[in-house]
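Student: Below are the structure tokens for one structure; questions will follow.
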Amino acid sequence: MPRAVGSFRAVGFDVIPYPVDYDTGPDMSIGDDFAGDLRVLGWATHEWIGLVDYRLRGRIAELFPGPAPISAVSAR
């Protein structure tokens, strides 16, 4: 989600991130099975490589775009 937030900010949209995905819950726990752990590691690696790539190409302004400061959100 940080990559999406950074991408939206880069084109002028200040979004409030809200995670929705079907890949959440108890099946995402680490340590239960090796194949599942590798899948989760693959997803995480994909996202970190994407963040670094977007930053190096100038598509996002910061490496790990976080949520907007509370003062900016409350001013809306």
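Only the coordinates and a few stated rules stand behind these numbers; no lab work does. Treat the numbers as computed from the prediction; the structure is a model and nothing was measured. Please note: Cβ atoms are built from the backbone with ideal geometry, for glycine as well, and neighbour counts cover all protein chains shown.
Student: What is the sum of charges around GLY6, taking Lys and Arg as +1, Asp and Glu as -1, for the other residues whose C-beta is under 10 Å from the C-beta of GLY6?
Tutor: +3
Student: Order 48-60, 6-18 from most to least packed using the mean count of other Cβ atoms within 10 Å.
Tutor: In descending order of packing, they fall as 48-60, 6-18.
Student: Right, next: Given 0.36 nm per residue, what is the gain on full extension from ASP53 to VAL20 after removing their alpha carbon distance, in nm?
Tutor: Contour length minus Cα-Cα distance gives 9.5 nm.
Student: Could you please report the charge total around GLY50, scoring K, R as +1 and D, E as -1 over all other residues with beta-carbon less than 12 angstrom from its beta-carbon?
Tutor: Around GLY50, the charge tally is +2.
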